[in-house]
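The values are calculated or read from the model by the stated rules, or taken from the named source; none is laboratory data. The structure presented is a predicted model; accordingly, all values stated were derived computationally and were not measured. Note that we place each Cβ from the backbone using ideal geometry, even for glycine, and neighbour counts take in every protein chain shown. Only protein heavy atoms, including side chains, enter the accessible area calculation; ligands, DNA and RNA are left aside. Shrake-Rupley method; radii C 1.70, N 1.55, O 1.52, S 1.80 Å.
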Amino acid sequence: MDEQKNESTEQQQESTPAEIKPAGQFIQLKPFKFIMLMFFTILITAGLTIFALTFGDKKVVEVKVPVEREEFTKLYEAFDLLKNNYYKDIEDEKVVDGAINGMFDALGDPYSDFMVKEEADQFNSGLSSSFQGIGAEIQERNGYITVVSPIKNSPAEKAGLLPKDIILTVDGKSIQGFSATEAVALIRGEKGTPVKLSVKRGDNTEPIQMTIVRDEIPVETVYGEMLDGNIAHIQITSFSEQTAQELEKILVEYEGKGMKGIVLDLRQNPGGYLKAAVDISNLFVPEGKAIVQVQEKDTEPEVTNAIAGKKYNLPITVLVDGGSASASEILAGALKESVGAKVVGETSFGKGTVQNVTPLKDGSNLKFTTGKWLTPKGNWINEKGITPDVKVAYPTYASLPYLNASIEMKAGMQSDSVKAAEEMLQVLGYEPGEIDGLFDDNTAHAVEQLQAANNLEETGVLTGNTTYALMDALRAKMKADDPQLLKAKELLLGTADKTEETTN
C-alpha cells in the first residue's frame with residue numbers, strides 16, 4: 001500500500017496540464033471504491049496464505065495457547081510436537097483423554113477419576129435398578145485394584161470374594177496400575193459369560209484363581225428379617241436413590257409387627273449417595289441434631305441437621321466391618337454421635353471424602369473430590385474408619401480362601417488349597433486329621449462324610465459339587481453363628497427389656 005501511494009504521488013508531480021492527452025479505454029473508479037477493492041484483495045491473499053501455512057504439508061503456524069491460560073503452554077507444545085513429529089498419525093481424542101487421565105493421576109486421589117463415555121455409562125449403571133457383572137465394589141489403592149465389598153447375593157459373594165482382596169489379573173491380563181473404572185470395564189460383561197480372576201488375599205503367597213459367571217445384579221438395597229424378641233435385623237447393602245424409601249417400607253411393616261429394637265447392618269456396604277445416608281439418618285436422629293458436616297475448599301464446615309418427620313425412637317445398634325465405607329460411615333457416625341447407638345463389629349473402611357460427578361458434552365464423566373465430611377462432633381474418619389463401641393471379630397474361618405471347584409483334590413496332593421479345605425471340614429465338624437495341607441486318608445474320609453451328608457457320591461475326592469457343598473455349608477454356618485449379629489442383638493434385648501420395665 002505504501003509503495004502504491006508513493007508511485008501515485010510521483011506521477012502527479014511529473015505531469016503538467018499542457019501534457020494531458022486523451023486516454024484510450026479505461027475503467028474509471030472512484031477513490032473510495034478503489035481503496036476498498038485493494039483492501040479486500042489484500043485480506044483474501046492473507047487468508048489464503050495463512051490457510052496454506054497452517055494446513056499444508058509443511059505447516060509452520062501452530063495453534064498457540066491463549067494468553068490467559070499460560071499454564072497450558074507446555075501441554076500445547078507437547079501436543080504439537082507429537083502431532084507433527086511422531087512417526088505415525090496419532091488419535092487426537094485418545095491423546096487428549098490420556099492427558100486428562102494424567103491430570104487425575106497426578107492428584108494421588110483414589111476417589112477422583114476421568115471416565116470416557118463407556119466407563120461413565122458403566123459407572124452410572126452401578127446406582128441404577130440393575131447391571132450385568134459379578135457384583136463387587138472395587139477401588140484403586142497404591143496401584144492395585146482392591147475389593148471394598150461384594151454385593152449381597154451376587155456372583156462375587158457366592159464365589160467367596162472378600163473385602164481387601166487384591167485383584168491381580170482379569171482373564172489373564174494384569175490390571176496393576178489400572179484405575180477402578182478401567183478395571184470395571186474388564187470385569188463387567190454380559191450375563192452368563194465367565195470372567196477369570198487371580199486374587200491375592202492377605203499374606204498368602206499363592207494367588208487364588210476363581211472363575212465367576214456374570215449375572216444380572218439387581219440393585220435391591222434393603223433386606224430384613226424379624227429375630228427373636230421382636231428385634232428387626234435390617235441390612236442395607238448400598239445407598240442408591242431408592243434406598244431410603246425401601247427402608248421406610250420395611251420399617252412400617254415391622255412396626256406393625258411389634259418391633260422393639262433394630263439391628264442396622266451396614267457390613268460390606270461400600271456406600272453410594274450422600275443424600276440417601278442423610279434421608280435415612282433423618283428417620284432416627286432427633287430434629288435439630290447434626291447428621292453430618294461437609295467442608296469444601298476454603299470454607300467452614302456446613303452442618304446438615306435432622307428435620308421434622310417420622311422418627312423411630314427405638315433402641316438401635318449398628319453393625320460395621322472393613323467393607324463399610326463412605327455413606328455407611330456417615331450413617332453409622334450420625335447414629336453413634338447424635339442418637340447414642342452402639343456400633344458393633346470391626347473398624348470400618350475409612351472414606352471421609354465427598355465426590356461430585358460432572359458429565360462432559362461427549363458423555364464422559366469427571367468424578368473428583370470436592371470436600372471432606374465430618375461426623376456430627378467434627379471427627380474426620382478418613383483412612384482411620386469408625387471404631388466400634390463393641391469390637392467383635394469375624395471367626396477366622398470366614399476369611400478362608402475360595403476353593404476352585406474345577407480342581408480335583410485327592411489323596412497324595414499337598415497345597416495351600418488342601419490346607420484351606422481341611423480347615424473348612426474341621427469347622428463343620430468333620431475330622432480331616434492334622435491341618436497340614438496334605439490330602440491323606442483322614443482327609444479323604446472327612447470328604448466322604450461331607451458327600452454322604454449332601455447325598456453325593458462318596459468318592460473321597462474334593463471337586464465339583466462336593467466343593468460347592470463344602471463352601472455352601474461354611475456360609476450357612478457363618479450366617480447361623482454370626483457373632484457380630486448375636487452381640488448386637490444381645491445389646492438390644494437388654495435395652496428393650498429395660499425400656500419395657502420403665503414403661504410398665
Selection within segment 404-428 - surrounded by fewer than 22 Cβ atoms within 10 Å (Cβ to Cβ) and among the acidic types (Asp, Glu): GLU408, ASP416, GLU423
Leading residue by the ranking (modelled with the lowest pLDDT) among those in segment 216-251 that are charged (D, E, K, R) and open to solvent by 60 Å² or more (accessible area, probe 1.4 Å): GLU220
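Residue-wise test of (1) over 14 Å from GLU408 (Cβ atoms); (2) at pLDDT below 95; (3) in the same structural domain as LYS410 (by the TED database).
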position: GLU422; (1), (2), (3): yes, no, yes
position: GLN426; (1), (2), (3): yes, no, yes
position: PRO432; (1), (2), (3): yes, no, yes
position: ASP440; (1), (2), (3): yes, no, yes
position: GLY460; (1), (2), (3): no, no, yes
position: THR467; (1), (2), (3): no, yes, yes
position: MET471; (1), (2), (3): yes, yes, yes
Complete set of residues in segment 404-449 that are within 20 Å of PRO207 (Cβ to Cβ) and part of a strand (DSSP E or B): MET409, GLN414
Every residue from segment 170-201 that is farther than 25 Å from GLU216 by Cβ and open to solvent by 50 Å² or more (accessible area, probe 1.4 Å): GLY172, SER174, GLN176, GLY177, LYS200
In segment 259-274, residue surrounded by the fewest Cβ atoms within 10 Å (Cβ to Cβ) [restricted to those that are more than 23 Å from LYS487 (Cβ to Cβ) and out of contact with any Asp or Glu (no Cβ under 8 Å at 6 or more places or on another chain)]: LEU274
So TYR254, is it closer than 27 Å to ARG188 by Cα, of a type outside the set (A, V, I, L, M, F, W, C) and open to solvent by 10 Å² or more (accessible area, probe 1.4 Å): no
Check on ALA476, among the hydrophobic types (A, V, I, L, M, F, W, C) and either modelled with pLDDT of 90 or more or open to solvent by 70 Å² or more (accessible area, probe 1.4 Å) (or both): no
Residues being farther than 18 Å from SER324 by Cα, surrounded by 16 or more Cβ atoms within 10 Å (Cβ to Cβ) and among the hydrophobic types (A, V, I, L, M, F, W, C) - total across segment 284-305: 4
